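Written out below as structure tokens is the structure these notes cover.
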Amino acid sequence: MSKSEVKVLVPKLRFPEFRNAQNWNPLTLGEVSDRITEKVGERQLTTVSITAGKGFVSQAEKFSRDISGKQYKNYIALKKGEFSYNKGNSKTFPQGAIYKLHEFDEVAAPNAFISFRFKDEYVADFYKGYFENNFHGRQLLRYITSGARSDGLLNINPNDFFKIILPTPVDKIEQQKIADCLSSIDELIEAEGEKLDELKAHKKGLIQQLFPSDGKAVPKLRFPEFHNQGEWKTKPLDKIAENLNSKRVPITKKDRIKGSIPYYGASGVIDYVKDYIFDDELLCISEDGANLVARTYPIAFSIKGKAWVNNHAHVLRFENACTQVIVESYLNSISLEDYLTGMAQPKLNRAKLNVIPIPLPDLNEQQKVADLLLSIDELIRPQIQKVNYLKLHRKGLIQNLFPSLEEVEG
């Protein structure tokens with residue numbers, strides 16, 4: 001896209017003091033930034049990668065080891081505040097992701113990444129809004145010469161990468177104002193996210209004390225009225241719940257319904273059924289009563305009523321709702337490595353699922369424990385909603401504070 005092709009527009013939402021200011025300039029990334037090519041050499045820095053949706057992570061965290069090998073000395077030395085483009089495609093960023101380094105002071109980034117820093121006259125944090133909204137990816141489509149290579153990276157020339165256009169306010173103060181607005185929401189999201197993490201950690205710690213551990217038959221923490229009630233009894237899961245896998249009914253594509261029915265997979269709620277489908281098979285569960293869908297990590301979540309379930313999930317039904325709550329919490333708190341099959345993508349098959357030992361007290365104590373866990377969930381649930389709302393609000397702001405690609409090209 002050349003600048004002559006660009007129709008310069010202002011965003012839908014603009015701060016009052018800038019409403020009569022000049023239109024934004026259609027500057028290229030090459031005009032507002034400088035490429036970073038300095039190699040690490042002999043310096044010992046943390047090697048990193050980029051994870052879509054998260055940003056920079058150490059290779060040790062992402063791959064369980066440093067994968068740089070002999071290429072390490074050719075890695076790029078990247079400092080906090082500088083940016084890298086990972087040419088690997090993902091569901092979130094099909095044409096690759098761009099992130100600013102803030103997690104480390106200085107790192108070694110793969111030389112397959114394209115790294116750059118913004119010039120002093122431009123506010124780096126302003127441009128993060130474009131990258132988060134994949135403004136770069138939709139422009140890069142015309143420059144990607146073919147699909148992913150054998151190493152999983154897209155074919156794109158660095159010179160073409162720096163041709164992407166990022167409409168920029170003439171006044172640096174307006175750039176800063178937008179960056180500060182987004183930063184203030186980020187701080188709020190982070191604060192609310194920390195509250196959520198604390199609630200989850202509290203629940204996890206409580207579960208560790210509410211269930212027997214280390215081969216013991218009674219938990220460390222027990223309600224006073226049950227102190228003399230004796231030991232918890234351990235049973236295999238198939239003696240506690242009815243497996244409904246055999247009652248799942250494959251639904252042909254022409255009969256699939258889009259709308260308000262939740263669709264579950266091996267990782268929880270994937271989506272509500274739409275015009276497309278994620279797996280080869282879609283199955284329907286319409287049993288009355290509470291159901292539990294078991295999966296790998298974390299292992300369990302609850303559903304009620306009618307749902308679509310793919311063939312990567314197990315479906316169980318419990319006679320008592322309190323038993324379901326306890327089993328779900330217990331499965332999510334323990335390691336299941338001994339029950340998994342497969343190496344690259346560990347799975348929990350039905351035979352292994354059936355024999356997982358579950359410790360349970362009598363029904364009265366189950367109800368008491370379940371009520372306590374549910375009371376914590378009542379605190380966690382609105383906190384999750386609050387964090388999700390803030391993220392959605394931020395996304396909406398970005399769409400209005402920046403020109404859209406369609407508006408710019410139109």
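Taking 35 Å as R0, compute the FRET efficiency from the Cβ-Cβ separation of residue 395 and residue 120 and round it to 0.05. Each step should come with its number before you reach the end.
Numbers: r = 29 Å, r/R0 = 0.84.
Taking R0 as 35 Å, the efficiency between residue 395 and residue 120 is 0.75.
Distance between the 7 Å Cα→Cβ label points at residue 200 and residue 332: 1.0 nm.
With the cut-off at 1.5 for a/c, could you classify region 63-127 from its C-alpha gyration tensor as rounded, prolate or oblate? Taking the square roots of the gyration eigenvalues as a ≥ b ≥ c, region 63-127 is oblate. How much FRET efficiency would the formula 1/(1 + (r/R0)^6) give for residue 214 and residue 42, where r is the Cβ-Cβ distance and R0 is 60 Å, rounded to 0.05? Efficiency at R0 = 60 Å is approximately 0.80.
Shape class for region 162-216, computed from the alpha carbon gyration tensor (a ≥ b ≥ c): prolate, with a/c not under 1.5 and a/b above b/c. Taking GluC sites (Glu not before Pro) across region 18-79, the ones in a DSSP loop with at most 12 further Cβ atoms lying within 10 angstrom of their Cβ are 38, 42.
When a/c reaches 1.5 or more, the comparison of a/b and b/c decides; with that in mind, is region 316-410 rounded, prolate or oblate per its Cα gyration tensor? Working shown, then result.
Working: a/c = 4.30, a/b = 1.80, b/c = 2.39.
The shape class here is oblate.
Taking Cβ atoms as reference points and 10 Å as the exclusive limit, the residues near residue 169 contribute a net charge of +1, counting Lys and Arg as +1 and Asp and Glu as -1.
For region 1-109, trypsin sites (Lys or Arg not before Pro) meeting the loop criterion (DSSP other than H, G, I, E, B) and having at most 15 other Cβ atoms within 10 Å: 7, 12, 19, 43, 54, 65, 80, 91.
Every number in this text was worked out from the coordinates using simple rules, so none of it is lab data. Computed from a predicted model, the values in this text were never measured in an experiment. Cβ coordinates were reconstructed from backbone atoms using ideal geometry, including for glycine residues, and neighbour counts include every protein chain displayed.
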